[in-house]
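Peer 1: Before I ask anything, let me first share the structure, which is written out below as structure tokens.
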Amino acid sequence: MTTTGLLDLGASEIVDRNTGELLGYAFTVESGKGQLQRWLLFRHPQNELEIRPPAPAMATWSLADWQANVPSLWRPNGFYVWAQADVYRHGETYDGVTWAQIPSVSQLPKPTFPELPGSNYQLDYTGKVADVLQENWRGRAFVVRGLTQASSIEYWSLPARYQPAGSRGTTTVTVGTEEASSLDAFVEHSNRTWSTGSTFVITGCANYHGSATPFAP
């Protein structure tokens with residue numbers, strides 16, 4: 001069974017949620033405990049983005065197609081993110097810990113970072129929880145560091161009804177109103193809605209920002 005994460009496997013299109021401006025693309029494959037996502041962004045999304053299905057021509061791309069087309073898609077001073085998303089499901093056991101609740105910060109698994117040469121995050125730390133919106137409900141996301149840093153960590157708390165964004169549908173990410181002064185506070189908030197079918201995703205990101213095409217797309 002395909003590991004469920006934020007994104008569907010294959011290509012996705014990223015747009016500004018307010019203006020519809022094309023911000024870039026993402027490509028996702030199964031990897032490790034979840035997914036390896038590659039994000040190619042033309043500019044900083046400022047935590048306001050929509051993830052939706054790609055154009056039909058891109059929908060059939062393999063990873064080799066993606067890698068071959070990165071040079072033509074790239075725009076100078078863009079961002080490229082390699083994001084390893086490790087997925088943890090409600091009620092399952094990982095390293096001897098059963099996730100009846102999301103573990104405390106001291107017991108949370110460490111993020112897995114992609115091992116890539118020359119690495120320099122599609123989200124940024126704001127002190128608020130980011131809302132992850134789909135239909136009439138929401139998930140949550142919390143960020144340590146941000147897109148302009150060499151590496152970042154994202155924590156996603158997704159409800160049972162969540163469907164990965166991309167070929168199967170659209171997801172909106174926006175700055176929420178809920179305060180979260182720390183990861184501990186975010187875990188506390190997330191545990192209030194943690195239930196059967198929920199998933200918690202820990203994503204280690206390696207980030208590149210520059211004029212030249214990234215070294216290992």
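The values are calculated or read from the model by the stated rules, or taken from the named source; none is laboratory data. Remember, predicted model here, so these are calculated numbers, not experimental data. Don't worry about glycine lacking a Cβ; one is built from the backbone with ideal geometry, like all the others, and counts go over all protein chains shown. The protein model used for the area step is the full one, side chains on, heavy atoms only, and it has no ligands, DNA or RNA in it. Shrake-Rupley method; radii C 1.70, N 1.55, O 1.52, S 1.80 Å.
Peer 1: Looking at (1) modelled with pLDDT of 70 or more; (2) of a type in the set (A, V, I, L, M); (3) open to solvent by less than 60 Å² (accessible area, probe 1.4 Å), can you tell me which one Val129 breaks?
Peer 2: (1)
Peer 1: A follow-up question, please. Would you please name the residue that is modelled with the highest pLDDT, looking only at residues in segment 148-174 that are exposed (fewer than 15 other Cβ atoms within 10 Å of the Cβ) and among the hydrophobic types (A, V, I, L, M, F, W, C)?
Peer 2: Only one residue fits best here, namely Ala160.
Peer 1: Separate question: Check whether at least one residue in segment 44-53 is modelled with pLDDT of 95 or more and within 20 Å of Thr213 (Cβ to Cβ), and report yes or no.
Peer 2: no
Peer 1: Looking at segment 99-112 only, could you name the residues that are open to solvent by 80 Å² or more (accessible area, probe 1.4 Å) and more than 15 Å from Thr199 (Cβ to Cβ)? Outline the logic, then answer.
Peer 2: Applying the first criterion (open to solvent by 80 Å² or more (accessible area, probe 1.4 Å)) to segment 99-112 yields 101, 106-107, 110.
Selection gives Ser106, Gln107, Lys110.
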